[in-house]
Amino acid sequence: MYPFQRNRRLRTNESIRSLVRENHVSADDLMMPLFIMEGENTQEEISSMPDYFRFSLDLLMDEIEKATKLGIKAVNIYCKVDADKKDNEGTEALNPNGLMQRSIRKIKENFPDVLVFTDVALDPYSSFGHDGVVEDGKILNDKTNEILAQMALSHAEVGADFIAPSDMMDGRILAIRETLENNGFSDVGIMSYTAKYASSFYGPFRNALDSAPGFGDKKTYQMDFANADEALHEAENDILEGADILMVKPGLAYLDVIYRLKEYSKLPIAVYQVSGEYAMLKSAAANGFLDFEKCLLEQMFAFKRAGASVINTYFAKEVAALVQ
Ligand code: PBG
């Protein structure tokens, strides 16, 4: 009680503030999403994500090199699939020599110590832009799981460290875990998109991969953003099915969900600061409306404070440089 308690004593200068600081951000916390495309020596800026690029595989190596020099150890990779290779069942996703499989191989060859997390979902491969097989306007759950499990296996076979299913089908963690176990890949982990909300903040990403849903929306599989208890139920399922890391997505608008998952489970929690969050901060900074670096760091600390131990962010390089 005042005057015996004067909280400002611990805020007097940076030395005492840092001595009692509850959370820290370092490159160890960061995961970098990467967009890959076919071609050689090419990169394309994503129109809705200024300064963020899709890379051909050769240039991707330079990008990863830069990231590792800053201390980043984990990448989360997405591939842009040519339109003529898309179909309802995502056949191209299982091509042992597809862009994803070639990318995993090449990254592990060049950077054996970098952890490769691979996106498992049908939407980049789907002619409908949905995360599952479509029949009569519906997204089939169990049939999709069979394909996701094979997709995960094909990633494991070429060296993926962690499978990261971003689709939100029921039971996909179990299907993937069983398939990995049955094929001798018990060391390959799963980072589940446990609480993935049907969010409009994914807009710029769909532009990056040309993967917007051709009809309807994703509300029959992604979560209703009005709900938080449901995230715990999702977590319960994922844990029992064999997930190693639980992810919440998007980030800043869902800090309560991170906090609740952390209370609920002792598994590490990851957060995905999504494309819309990137675009907001970028454009506000470009307009001079706010201080980019300070706001970025404040957001990173918010994720840590809420309970996230892994931050998947398009700003990974910037953050790593700032906290070096
Ligand atoms: C789809 C997928 C999406 C994102 C990651 N994986 C978009 C969606 O669900 O439509 C969004 C990532 C971002 O916005 O940065 N499987």
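Give, as a single signed number, the net charge of other residues whose beta carbon lies under 12 Å from the beta carbon of Thr42, with Lys and Arg counted +1 and Asp and Glu -1. Net local charge, Thr42 excluded: -3. Take the chain and mark each of the GluC sites (Glu not before Pro) that is in a DSSP loop with at most 11 other Cβ atoms within 10 Å; the longest unmarked stretch, sites excluded, is 41-324.
For Met223, the amide hydrogen comes within under 5 Å of the amide hydrogens of Lys196, Tyr197, Ala198, counting only partners 5 or more places away or on other chains and with H modelled in the peptide plane. Report the Cα centroid-to-centroid distance between segment 118-197 and segment 235-292 in angstrom, as an integer. Cα centroid to Cα centroid, the span is 20 Å. Of the beta bridges in the chain, as assigned by DSSP with both residues counted there, near 15 percent are antiparallel. Of the chymotrypsin sites (Phe, Trp or Tyr not before Pro) found in segment 247-324, those that fall in a DSSP loop while having at most 12 other beta-carbon atoms within 10 Å are Phe289. Would you mind telling me the share, in percent, of accessible area of segment 25-323 contributed by carbon and sulfur at probe 1.4 angstrom? Here carbon and sulfur together make up 50 percent of the probe-accessible area.
Rolled with a 1.4 Å probe across the full set of protein chains, the surface gives Leu297 an accessible area near 50 Å².
Of the trypsin sites (Lys or Arg not before Pro) found in segment 177-267, the ones in coil according to DSSP and having at most 10 other Cβ atoms within 10 Å of their Cβ are Lys266. Rolling a 1.4 Å probe over the heavy atoms of the protein chains gives segment 25-323 an accessible area of 40 Å² per residue.
For segment 158-169, 3J(HN,Hα) computed residue by residue from phi via the Karplus equation (6.51, -1.76, 1.60; θ = phi - 60°) reads 9, x, 4, 8, 9, 8, 10, x, 10, 9, 6, 6 Hz, glycine and proline entered as x. At q = 0.07, 0.16 Å⁻¹, what base-10 log of I(q)/I(0) does the Debye formula yield for the chain when every alpha carbon is treated as an equal point scatterer in vacuo? After summing over all Cα pairs, the log10 values are -0.28, -1.48. With the convex hull constructed from alpha-carbon coordinates only, segment 284-324 shows a mean projected area of 3.1 nm² over all directions.
The values are calculated or read from the model by the stated rules, or taken from the named source; none is laboratory data. Bear in mind that the values here come from a model prediction, so they are computed numbers and not experimental data. Using ideal geometry, Cβ is built from the backbone for each residue, glycine included, and neighbour counts are taken over all protein chains shown. Side chains are part of the model used for accessible areas, which takes the heavy atoms of the whole protein and leaves out ligands, DNA and RNA. Shrake-Rupley method; radii C 1.70, N 1.55, O 1.52, S 1.80 Å.
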